[in-house]
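First up is the structure itself, then whatever we jot down about it.
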Amino acid sequence: MKYALMVYTDQSAWAGMSEAEALAAREASMPGWITLFEELAKVDPEVAGHELEGAADARTVRVRGGERLVTDGPFAETKELIGGIFILEAPDLDEAIRLASLVPAAEYGSIEVRPIAEH
């Protein structure tokens, strides 16, 4: 079954970092990301993972009464916003959860694991 692992983090911490601080933070997290990708490849060699640009670059689209409404960013009631997504094939939910627990961002954010509908 295919699963989406959606990575939610508080992106405001990155906004306050200098370029050097952000680079150092990324470098420090790399061993965890390498381990994650090695494990993902064992389960699904076709896995796709994508980091998203910041929420400030997002647009939210709604259609109301036939009219398209576009607003800046996702305005959620939470500080945690989606920052990345993995699409992978896993044998079951337990394995998808195990892999989600390896995402380094799970230590300071959360990972939503959701089966992808197959119609």
Suppose we look only past 25 Å in the calculated P(r) of the chain. What percent of the Cα-Cα pairs does that tail hold?
33
For the stretch 69-119, what is the charge dipole size about the Cα centre, in debye to the nearest 20, if Lys and Arg each add +1 at the Cβ and Asp and Glu each add -1 at the Cβ?
140
Can you give the relative contact order of the chain as a percent, counting alpha carbon pairs under 8 Å and 6+ residues apart?
50
What order do you get for 102-110, 19-27 when each peptide is scored by the mean count of other beta carbon atoms within 10 Å, highest first?
102-110, 19-27
Would you work out which of Thr71, Phe37, Ala25 lies farthest towards the positive end of the dipole of the stretch 22-71? Charges go on Cβ: Lys and Arg +1, Asp and Glu -1.
Thr71
Taking the Cα centre of the stretch 1-102 as origin, sum charge times position over the Cβ atoms of Lys and Arg (+1) and Asp and Glu (-1), and report the length of that vector in debye to the nearest 20.
420
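Each value in this text was obtained by applying a stated rule to the coordinates, not by laboratory testing. Worth saying up front: this structure is predicted, and the values here are computed from it rather than measured. A quick note on method: Cβ atoms are made from the backbone with ideal geometry, for glycine too, and the neighbour counts reach across all protein chains shown.
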